[in-house]
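Report on the structure given below.
The values are calculated or read from the model by the stated rules, or taken from the named source; none is laboratory data. Just so it is clear, the structure is predicted and the values come from calculations on it, not from any experiment. Counting neighbours? That spans all protein chains shown, and the Cβs are built from the backbone with ideal geometry, glycine included. Surface accessibility is based on the protein's heavy atoms, side chains included, excluding ligands, DNA and RNA. Shrake-Rupley method; radii C 1.70, N 1.55, O 1.52, S 1.80 Å.
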Amino acid sequence: MAQVYFEDVSEGQEIPKLAQNCDSQRLVFWAAGSGDYYQIHYDKDFAQNTGLPDRITHGALKHALLGRLLDEWSGDGGRVLRVACSYRGMDMIDKDVLCRGVITGKRQENGSNVVDLEVWTEDPDGKKTTPGTAVVELPSK
Amino acid sequence: MTQQQASVITDEMRERIGVESEPTAHEVDNTGCRQFARAVGYTDAIYFDEATAKAKGHRAIVAPYGFLGHPVVVPGQAAGVPEAFRLNIPYKRVLNGGTDIQYMAEVCAGDKLSATTKLTDLTEREGKIGPMLIVNTETAFRNEKGETVAIQRGTAIRY
């Protein structure tokens, strides 16, 4: 994909979406990759015994997916400076997590070209389950 | 919170706010970076292959956003569980409330980070799931040169 430059972006612009299915294999990959082995994410009996309908996608995986959304958008020349999000709604196993972002502002900070974004994840019903904000540095032309 | 309800926040817990833990070692290795990148669905080779990463100007395989190494935990030793997390909280269940990570410098495989955590706030709230205690923590990750490479702020909901 072509590099996106600071001059190309403006407030209100939406960045390309990222959809990631989170099946049991992905949640096990994540358990190993992150070191979070809490059983509500991969053991159905355990999850149901805590009152959940089924296993749920890890919050931190959704945070990392928002990082990937921004990394793939900003390309080799960009750099993600901050990703913050709240886990407001649960995402159930086997569902797609749709990651989205909209530019809320652009500014210069200590000689860097910085873009502020509103980011979030949506469940398949379009409900925002993980609202957040991000800061990304983009190269200049 | 209602007036009648007793607070679960003790003076002892309050005294822990702002106290920095002893550092915990976090190792960033090739396999760790690859495993994390695969879990998140990355396909960019800088997260998997050293030659590609170096050709693109990185020091080594790059740690994907969110990966700040694995803590070195030796069974039977207290290290690895920062003091800030060892609070005497009567609620046994926990939910992850949110994550905020600021990245100051790129982290690569081979980096040995040291992490110090402090409790930054304790708040009580009544929610749909009953009484909750919101535990805010802040962890600073430093490299071998002592530079802060990332700050992670976490929110745990105990209920």
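Of the residues contained in the range B:98-114, none is found to be within 21 Å of A:Cys85 (Cβ to Cβ) and modelled with pLDDT under 90. Among the candidates B:Arg125, B:Arg153, the residue that is modelled with pLDDT of 95 or more and open to solvent by 50 Å² or more (accessible area, probe 1.4 Å) is uniquely B:Arg153.
Here is a check on your reading of the model: is B:Ala105 of a type outside the set (S, T, N, Q), in the same structural domain as B:Pro23 (by TED's automatic domain parsing) and either part of a loop (DSSP other than H, G, I, E, B) or surrounded by 19 or more Cβ atoms within 10 Å (Cβ to Cβ) (or both)? It is true that B:Ala105 is of a type outside the set (S, T, N, Q), in the same structural domain as B:Pro23 (by TED's automatic domain parsing) and either part of a loop (DSSP other than H, G, I, E, B) or surrounded by 19 or more Cβ atoms within 10 Å (Cβ to Cβ) (or both). Scanning the range A:12-35 for residues that are within 9 Å of another protein chain (Cβ to nearest Cβ) and of a type in the set (D, E, K, R) yields a count of 1.
For every residue, the table says whether it meets (1) surrounded by 14 or more Cβ atoms within 10 Å (Cβ to Cβ); (2) modelled with pLDDT under 95; (3) within 18 Å of A:Glu11 (Cβ to Cβ).
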{"site": "A:Ala60", "(1), (2), (3)": "yes, no, no"}
{"site": "A:Leu65", "(1), (2), (3)": "yes, no, no"}
{"site": "A:Ser74", "(1), (2), (3)": "yes, no, yes"}
{"site": "A:Arg79", "(1), (2), (3)": "yes, no, no"}
{"site": "A:Ile93", "(1), (2), (3)": "yes, no, no"}
{"site": "A:Arg100", "(1), (2), (3)": "yes, no, yes"}
{"site": "A:Ile103", "(1), (2), (3)": "yes, no, yes"}
{"site": "A:Val115", "(1), (2), (3)": "yes, no, yes"}
{"site": "A:Pro124", "(1), (2), (3)": "no, no, no"}
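Would you confirm whether any residue within the range B:75-83 is modelled with pLDDT under 95 and either assigned to a helix (DSSP H, G or I) or in contact with a Pro (Cβ under 6 Å, 6 or more places away or on another chain) (or both)? Within the range B:75-83 (the criterion being modelled with pLDDT under 95 and either assigned to a helix (DSSP H, G or I) or in contact with a Pro (Cβ under 6 Å, 6 or more places away or on another chain) (or both)), the answer is yes, since at least one residue qualifies.
Inside the range B:6-35, residues that are under 18 Å from A:Asp36 (Cβ atoms), outside any loop (DSSP other than H, G, I, E, B), open to solvent by less than 60 Å² (accessible area, probe 1.4 Å) and not polar (S, T, N, Q) make up a count of 3. Within the range B:36-52, restricting attention to residues that are within 27 Å of A:Asn21 (Cβ to Cβ) and surrounded by fewer than 22 Cβ atoms within 10 Å (Cβ to Cβ), the residue that is farthest from the other protein chains (Cβ to nearest Cβ) is B:Asp49. Restricting B:Val135, B:Val74, B:Val94, B:Val62 to residues that are away from chain A (no Cβ under 11 Å), in contact (Cβ under 8 Å) with a residue 12 or more places away in the chain and β-branched (Val, Ile, Thr) narrows the list to B:Val135.
For A:Tyr87, indicate whether it is crowded, with 18+ Cβ neighbours inside 10 Å, at the interface with chain B (Cβ under 10 Å from one of its Cβ atoms) and either over 25 Å from B:Val107 (Cα atoms) or hydroxyl-bearing (Ser, Thr, Tyr) (or both).
On the way: crowded, with 18+ Cβ neighbours inside 10 Å: yes; at the interface with chain B (Cβ under 10 Å from one of its Cβ atoms): yes; either over 25 Å from B:Val107 (Cα atoms) or hydroxyl-bearing (Ser, Thr, Tyr) (or both): yes.
It is true that A:Tyr87 is crowded, with 18+ Cβ neighbours inside 10 Å, at the interface with chain B (Cβ under 10 Å from one of its Cβ atoms) and either over 25 Å from B:Val107 (Cα atoms) or hydroxyl-bearing (Ser, Thr, Tyr) (or both).
Given the structure, is B:Arg125 assigned to a loop (DSSP other than H, G, I, E, B), touching a residue at least 40 places away in the same chain (Cβ under 8 Å) and not hydrophobic (A, V, I, L, M, F, W, C)? No; evaluated as a whole, the condition is false for this residue.
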